[in-house]
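*Asks:* First, the structure itself, so that you have it in front of you.
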Amino acid sequence: MPSKEEKQADIKVAFVYYSFSSFVKSDYEILSKHFDVIKVNYRRIWDAFKIAKVVLKSDISLSWFAGGHAFLMVLFSKIFKKKSVVIAGGGDVACVPEIDYGGMRKNKRSRFFAKFVLKHADVVLAVSKFTKREVLKHTKPKILKVVYNGIDAEKFKPGGEKKDIVLTVGSLDKSVLKRKGFVTFVKAAKYLPNIKFVLVGKHIDDSIRYLKSIAPRNVEFTGFVSDEELLRWYQKAKIYCQLSYYEAFGLAPAEAMACGCIPVVTNRGALPEVVGDAGFYVPYGNPKATAEAIKEALNSSEGLSKKARKRIKNMFSIERREEKLIKSISELIHDEDGI
């Protein structure tokens, strides 16, 4: 009889995705180490045939986000009597009409897809306790677990001398200005004119014009940067700000903390889960209070920087995510086999 490890190598996993983001790619690489993974990208409705074919050939299917692609994956899994796993990542289960955000808003077609996916997937994995609570507002999945995102602490680590730089990261368009708190970030800079503020991220639309129009001289907008350059910014900056209205996990602040940045964040969404007692909290949309917290963080001891990194290594390591992700899939498969 083959060992459990050998059996896992024979397990075929259909990996269905819409966008191959860094965290989606990371999970694909994790799964590929343990299973025979077939990835399929959904972009157009006729891609449904590809999803059906791959699900039919696989033992289990997995997708990030409870969107239309996951709807097709779960539907075909039910038809072909296969197991399915869906990762609830945030926006797919959010309903935040005051900032025009979330797939669960009324009159959104995505609401129907998400509810079907969450109800009928065999396992739903939430990226945080906050996201788990968001899921339960809408339906009760068969199995719902929290599996935090993972940070590669060997890649994201301190390097070189820290400077008095305040950093935030995110692509720029009108839909994220409020949600990510970029306006607050820029306005906070005027209270600390001798400190450099840096906003790293691709400019998707002309919202950058508005930010530049209200920004003091000590704010730099880098535009798109490579992964290597982003890492260098994390390593140079003393402070990382995540001033979001809604955050399902907070990948960028976690990466920054792993690089020794002291976080200044809002007390919203999953940010308190990530930051814990290793940073500073500010009310949403308050530039003056944000500037005061940044000043306090800049004057704090080096020990807080080390504490921030230690928290990420201990609680949100990529190894920990790998262990929990593989365990969830293996249990589902072995339960089906009666093992």
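The values are calculated or read from the model by the stated rules, or taken from the named source; none is laboratory data. As the structure is a prediction and not an experimental result, all values here were calculated from the model. Backbone-built Cβ (ideal geometry, glycine too); neighbour counts: all protein chains shown. These accessible areas exclude ligands, DNA and RNA; they are computed on the full protein's heavy atoms, side chains included. Shrake-Rupley method; radii C 1.70, N 1.55, O 1.52, S 1.80 Å.
*Asks:* Hey, got the dipole for the chain? About the Cα centre, +1 on K and R Cβ, -1 on D and E Cβ, debye to the nearest 20?
*Replies:* Using Cβ point charges on Lys, Arg, Asp and Glu, the chain gives about 960 debye.
*Asks:* Cα gyration tensor of the stretch 180-275, axes a ≥ b ≥ c as square roots of the eigenvalues: rounded (a/c below 1.5), prolate (a/b > b/c) or oblate?
*Replies:* It comes out rounded by the Cα gyration axes.
*Asks:* Rounded, prolate or oblate for the stretch 247-328? Axes are the square roots of the Cα gyration tensor eigenvalues, ordered a ≥ b ≥ c, and the cut-off for rounded is a/c under 1.5.
*Replies:* Oblate shape, in that a/c is at least 1.5 and b/c is the bigger or equal ratio.
*Asks:* Which residue, 265, 224, 107, has the largest displacement toward the positive end of the dipole of the chain when charges sit on each Cβ (Lys, Arg +1; Asp, Glu -1)?
*Replies:* Value computed over the given set: 107.
*Asks:* Tally Lys and Arg at +1 and Asp and Glu at -1 over the other residues with C-beta under 12 Å from the C-beta of residue 246: what net charge comes out?
*Replies:* Overall, the nearby charge balance is 0.
*Asks:* Quick one: grab the alpha carbon gyration tensor of the stretch 11-164, order the square roots of its eigenvalues as a ≥ b ≥ c, and give me rounded if a/c is under 1.5, else prolate or oblate depending on whether a/b is larger than b/c.
*Replies:* In terms of gyration-tensor shape, oblate.
*Asks:* Moving on to the next point. Aspartates and glutamates near residue 83 by alpha-carbon distance under 16 Å, same-chain residues fewer than 8 away left out - which ones?
*Replies:* 10, 36, 59, 122, 331, 335, 336, 337
*Asks:* Given a 1.4 angstrom probe, what's the average accessible area per residue across the stretch 1-120, in square angstrom?
*Replies:* For the stretch 1-120, the solvent-accessible area averages 51 Å² per residue.
*Asks:* Turning to a different aspect of this structure: Carbon and sulfur atoms: what percent of the 1.4 Å accessible area of the stretch 27-152 do they account for?
*Replies:* 55 percent
*Asks:* Tell me which lysines have Cα within less than 19 Å of residue 137's Cα, excluding those fewer than 8 residues away on the same chain?
*Replies:* Within the straight-line limit of under 19 Å, residue 137 reaches these lysines: 106, 108, 115, 119, 129, 145.
*Asks:* Report the accessible area of residue 154, computed with a 1.4 Å probe over the heavy atoms of all protein chains in place, in Å² rounded to the nearest 10.
*Replies:* Solvent-accessible area, nearest 10 Å²: 120 Å².
*Asks:* Between beta-carbons, use under 9 Å as the cut-off and find the net charge around residue 164, counting Lys and Arg +1, Asp and Glu -1.
*Replies:* +4
*Asks:* Read through the labelled values (1) 20.0, 76; (2) 20.9, 69; (3) 20.2, 62 and report the label of the one computed as Rg and Dmax of the Cα atoms in Å from the structure.
*Replies:* (2)
*Asks:* Now a separate question. Going from most exposed to least, what order do 139, 266 have by accessible area with a 1.4 Å probe?
*Replies:* Result, largest first: 139, 266.
*Asks:* Enter the per residue convex hull volume of the stretch 76-136, computed from alpha-carbon coordinates, in Å³ rounded to the nearest integer.
*Replies:* Looking at the stretch 76-136, the number lands at 75 Å³ per residue.
*Asks:* Would you compute, from DSSP H runs of 4+ residues alone, the mean residue ellipticity of the chain at 222 nm, taking -39500 (n - 2.57) per run and dividing by the full residue count, rounded to the nearest 500?
*Replies:* Only helices count here, giving -13000 deg cm²/dmol.
*Asks:* Separation of the stretch 240-295 and the stretch 133-203 by C-alpha centroid, Å?
*Replies:* After rounding, the separation between the Cα centres reads 8 Å.
*Asks:* How much area per residue is accessible in the stretch 207-339 when the probe is 1.4 Å and only protein heavy atoms are counted (Å²)?
*Replies:* I get 45 Å² per residue for the stretch 207-339.
*Asks:* Let me ask another. In the P(r) worked out for the stretch 194-339, what percent of Cα pairs fall beyond 19 Å?
*Replies:* 60 percent
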